[in-house]
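K.L.:
Dropping a structure here in structure tokens format, bear with me for questions.
The values are calculated or read from the model by the stated rules, or taken from the named source; none is laboratory data. In this text, all values refer to a predicted model and were calculated from it rather than measured experimentally. Because the Cβ atoms are built from the backbone with ideal geometry, glycine has one as well, and the counts that use them run over all protein chains shown.
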Amino acid sequence: MATSRKVTLLSSDGESFEVEQSVAVESITIKDSIEEGSAGNPIPVPKVNSKILAKVIEYCKKHVESAKAEDRVDDEDLVAWDADFVKVDQATLFDLIRAANFLNIKSLLDLTCQTVADMIKGKTPEEKRKTFTIRNDFTPEEEEEVRRENQWAFE
Amino acid sequence: MAASKEEEELKGSGKRLKCSVTGRYRAVVAEEDVRPCEEAEEGVAAGEDGEDDGDDGGDEQLGEEEEEEEDSELPMKPGLFFYPLTPTSFVVSDALEPDFPIIYVNTVFESFTGYRADEVLGRNCRFLQYRDPRAQRRHPLVDPVVVSEIRRCLEQGLEFQGELLNFRKDGTPLVNRLKLAPIHDDDGIVTHVIGIQIFSEAKIDMNCISYPVFKETYNNECEQMSVYTPKDGPLPFVQDQEMCGILQLSDEVLAHNILSRLTPRDVASIGSVCRRIRHLTKNEHLRKMVCQNAWGRDVTGALERMTEKLGWGRLARELTTLEAVCWRKLTVGGAVEPSRCNFSACAAGNRLVLFGGEGVNMQPMDDTFVLNLDAANPEWRRVSVESSPPGRWGHTLSCINGSWLVVFGGCGRQGLLNDVFVLDLDAKQPTWTEVLGGTPPLPRSWHSSCTVEGSKLVVSGGCTDAGVLLSDTYLLDLTTDKPVWKEIPTSWAPPSRLGHSLSVYGRTKLLMFGGLAKSGHLRLRSGEAYTIDLDDEEPQWRLLECSALTGIGGQSAAVPPPRLDHVAVSMPCGRILIFGGSIAGLHSPSQVFLLDPSEEKPSWRILNAPGQPPKYAWGHSTCVVGGTRVLVLGGHTGEEWILNELHELCLASWQDMDAASDE
């Protein structure tokens, strides 16, 4: 397998990123399009802007490097690195989720979604609304129904 | 028989396989079917006619002719698998090129999948998991666990067998019963992988699958950026929509990747937040995923039956709140004779199994009994085994991998034991087989055991020779070819004891409770709880500091009084139930206590279960059947050891009590 091949990714806002092919194919979407020969050069990545694409590439680079590393001690470091990686504002976090989903990067999708799940855990509905700025759009009747249905969840 | 003779011939001959018809089966992968892709078309024409002819002699002739004139393109080891005589689709992939590109597909494959050979050669087979040619990733209904398993087998050069959801080119769903076999060259390097597919209709109506909400957004190629428009009710303010990042995610991502990771309680809680999320959380498929992630696949599989009546949402709720808990009495037929006490019992699926025990005159018994709760009229039956372990009492019986049983220790005719015997309950002729596990733990009785991760037996404490109490912890991994006992070294262990309970929660964590424990030079009933996580690099026992939850309405503190020989049950949601046992003082042994060891501040709660609890206090054995039924059997009433009247603590509601076994 050719390892030092480089590919160019083009973000939705026109910025180019040159990366090793081994890093780019962390994304199954990109991998498939390269293999099917439909990729073109540079490979356009619609829907993912340069800010997010840069972060995604950073993630993939780190993970590809870690996989190559000899010693397994890096596992813990990688977990810590991942934890830092997701310390971003919500908007960026959700953009990363969408990008990971579109680009089909399972580990990044798992990481970002677990982060959101952790933000949800344990809070009351009102706290959850506040955390994510969700508007309560129930009618009063629906609200009552919902309260009855889910009362058990709050003991 | 004809098939195996054929198989023997093929194996022994060392030649390449040929296509032949023997009885119902025939060898697949005939030489003429496998040619490099340049010649594929020809190969298809020549080979396929023969195959598709079915069971007339034409095949044989064709096969023989082909064998005479063919070249060996691909050396293969004979002795592959045999298949029933239905048109089988197959695919050959090149294992030496990256990502296993297809180099050959047969016409059966083409007709089943709707893809022509020229459309798929050079690609990896995964496109079958995409719902249509324009899809960008596999469809969410395709089981990712199976896909990982395929990847693992390919990486390790192993055979794979399993079932996977695939799609025709036109989007029709198919069930693909798939076998993948690596082909090695003379140096043992895998050069090709052969895939054999038996496609059948998938009984899914893609228009009415349980999450129509996903289908809508999946087909929408701009799903990521689409603003959610609910079908009913007013549109949310666009401004709010823009501010709220989480609601901008597609249904698929939101439900599949985020909501599914929450506990049932959190799902209900977030379902109270807004309409769209409520709608998503009511989806039965999501609820099942939540249960699977929260409780594990094994437990969820066992609970499947309950959900037919209750649905996953209601079941999750009932198992979380225990609002439907009640005691029930169950009378069964048959008899465990001669009568006995101090036996050991456990559940294997929906069967209860009992082994050994102490008969009259303290005689150790060695017989095995089964009670099948799936039967219309369950009754105890003796299991006829070729040989039994030596008779014993005070031993432990645990279930491994759903249908195997393992016995350890106990007191036999000649003293204390530390042997291990296993039994496959589903074997045609069940036989107890001894497992020699290297250096075994000290012989003992009244120890405690449990099964971790399906097949790891953990044993702790008990009483060894000269009445010495033990405080050790040992593990025997029965998945390995040669299981070896390993002591789990801990810098500190709970005081040595017997008659305590060991329960598993959170997959690899253990909770030890109660028992008769060493306290200075005395032995006292213990009410302490200890935990250990076997997944830790260096597992350590820790005392669990539990408080008593003072209930609403001034209920008194609910810490269970110290006891031994009690019952401890792990529930799907990681909580432990404790009741019964030999308790000092005037406390009622039938009071049920509940503990969630994984809470930040674990506290005991009293569980009020209506109905008639077991009267007897000690000498029980309990088994959990189907994930929600806790059966208490045996126990001394003062007169006799009762085994035909079981007491059941139902954890979730049963609509009808008919023990109707389904088809």
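K.L.:
Suppose we keep only residues that are outside any loop (DSSP other than H, G, I, E, B) and either over 24 Å from the mean Cα position of the chain (by Cα) or not assigned by the TED database to the domain that holds B:E386 (or both) within segment B:433-454. Which one would you say is nearest to B:F343 (Cα to Cα)?
P.N.:
Applying the filter and picking the extreme gives B:S445.
K.L.:
Okay, moving on. Among the residues that make up segment B:320-328, is at least one of them touching a helix residue (DSSP H, G or I) at 6+ places or on another chain (Cβ under 8 Å) and free of Cβ contacts under 8 Å to residues at least 60 places away in the same chain?
P.N.:
First, the residues of segment B:320-328 that are touching a helix residue (DSSP H, G or I) at 6+ places or on another chain (Cβ under 8 Å): B:320-321, B:323-324.
Filter again for free of Cβ contacts under 8 Å to residues at least 60 places away in the same chain, leaving B:321, B:323.
There is at least one residue in segment B:320-328 that is touching a helix residue (DSSP H, G or I) at 6+ places or on another chain (Cβ under 8 Å) and free of Cβ contacts under 8 Å to residues at least 60 places away in the same chain.
K.L.:
Now for a separate question. Name the pairs whose Cβ atoms lie under 7 Å apart, with the first residue in segment B:557-574 and on the phi > 0 side of the Ramachandran plot and in the same structural domain as B:L502 (by the TED database), the second surrounded by fewer than 22 Cβ atoms within 10 Å (Cβ to Cβ) and at pLDDT below 85, and 6 or more positions between them or separate chains?
P.N.:
B:D565/B:S582; B:D565/B:W618; B:D565/B:G619; B:G574/B:G506
K.L.:
Select from segment B:478-517 the residues that are crowded, with 19+ Cβ neighbours inside 10 Å and among the basic types (K, R) and list them in ascending order.
P.N.:
B:R497, B:K509, listed by residue number.
K.L.:
Would you say A:V79 is out of contact with any helix residue (DSSP H, G or I) (no Cβ under 6 Å at 6 or more places or on another chain) and closer than 26 Å to B:I246 by Cα?
P.N.:
Working: out of contact with any helix residue (DSSP H, G or I) (no Cβ under 6 Å at 6 or more places or on another chain): yes; closer than 26 Å to B:I246 by Cα: yes.
Yes; evaluated as a whole, the condition is true for this residue.
K.L.:
Please work out which residue is surrounded by the fewest Cβ atoms within 10 Å (Cβ to Cβ), limiting yourself to segment B:268-290 and to residues that are touching a residue at least 40 places away in the same chain (Cβ under 8 Å) and in a helix (DSSP H, G or I).
P.N.:
Keep residues of segment B:268-290 that are touching a residue at least 40 places away in the same chain (Cβ under 8 Å), which gives B:268, B:275-276, B:279-280, B:283-286.
Filter once more, keeping what is in a helix (DSSP H, G or I): B:268, B:275-276, B:279-280, B:284-286.
Values: B:A268: 26, B:R275: 21, B:R276: 19, B:H279: 17, B:L280: 21, B:E284: 13, B:H285: 17, B:L286: 24.
My answer is B:E284.
K.L.:
If A:T92 satisfies every condition in (1) within 16 Å of A:E58 (Cβ to Cβ); (2) of a type outside the set (G, A, S); (3) not in a helix (DSSP H, G or I) but one, which is the exception?
P.N.:
(3)
K.L.:
Shifting gears a bit: Could you please find all residues in segment B:373-404 being out of contact with any Ser or Thr (no Cβ under 7 Å at 6 or more places or on another chain), part of a strand (DSSP E or B) and surrounded by 21 or more Cβ atoms within 10 Å (Cβ to Cβ)?
P.N.:
B:R392, B:W393
K.L.:
Which of (1) at pLDDT 90 or above; (2) in contact with a Pro (Cβ under 8 Å, 6 or more places away or on another chain) is the odd one out, the single condition B:L165 does not satisfy?
P.N.:
Every listed condition holds for B:L165 apart from (1).
K.L.:
Output the number of residues of segment B:101-119 satisfying the condition of being within 13 Å of chain A (Cβ to nearest Cβ) and either in contact with a Phe, Trp or Tyr (Cβ under 7 Å, 6 or more places away or on another chain) or at pLDDT 90 or above (or both). First the steps, then the outcome.
P.N.:
Taking segment B:101-119 and keeping what is within 13 Å of chain A (Cβ to nearest Cβ), we get B:101-102, B:119.
Remaining after also requiring either in contact with a Phe, Trp or Tyr (Cβ under 7 Å, 6 or more places away or on another chain) or at pLDDT 90 or above (or both): B:101-102.
Number satisfying all stated conditions: 2.
K.L.:
Here's something else I'd like to know. Can you name the residue in segment A:101-141 that is facing chain B (nearest Cβ under 7 Å) and of a type in the set (K, R) and, of all such residues, is farthest from the chain's Cα centre (by Cα)?
P.N.:
Looking at the filtered set, the residue picked out is A:R135.
K.L.:
Evaluate the following for B:E434: is it modelled with pLDDT under 90 and not basic (K, R)?
P.N.:
no
K.L.:
Being among the hydrophobic types (A, V, I, L, M, F, W, C) and under 26 Å from B:G313 (Cα atoms) is true for just one of A:I97, A:I105, A:I134. Which residue is that?
P.N.:
After ruling out the rest, the residue left standing is A:I134.
K.L.:
Another question, if that's okay. Yes or no: segment A:48-69 includes at least one residue that is buried (at least 17 other Cβ atoms within 10 Å of the Cβ) and facing another protein chain (nearest Cβ under 10 Å).
P.N.:
Yes, there is a match, as at least one residue in segment A:48-69 is buried (at least 17 other Cβ atoms within 10 Å of the Cβ) and facing another protein chain (nearest Cβ under 10 Å).
K.L.:
Still on this structure: Could you grab me the full set of residues in segment B:266-317 that are small (G, A, S) and either within 26 Å of A:F132 (Cα to Cα) or within 11 Å of chain A (Cβ to nearest Cβ) (or both)?
P.N.:
First, the residues of segment B:266-317 that are small (G, A, S): B:268-269, B:271-272, B:294, B:296, B:301-302, B:311, B:313, B:316.
Once the filter is applied, which keeps residues that are small (G, A, S) and either within 26 Å of A:F132 (Cα to Cα) or within 11 Å of chain A (Cβ to nearest Cβ) (or both), segment B:266-317 yields B:A268, B:S269, B:G271, B:S272, B:A294, B:G313, B:A316.
K.L.:
Going through A:D118, A:D95, A:D110 one at a time, which residue ends up being of a type in the set (D, E, K, R) and closer than 16 Å to B:S250 by Cβ?
P.N.:
A:D95
K.L.:
Listed residues B:D232, B:D251; which is modelled with pLDDT under 80, more than 8 Å from every other protein chain (Cβ to nearest Cβ) and touching a Lys or Arg at 6+ places or on another chain (Cβ under 9 Å)?
P.N.:
On the way: B:D251 fails: modelled with pLDDT under 80.
Step by step, each of B:D232, B:D251 is checked, and only B:D232 is modelled with pLDDT under 80, more than 8 Å from every other protein chain (Cβ to nearest Cβ) and touching a Lys or Arg at 6+ places or on another chain (Cβ under 9 Å).
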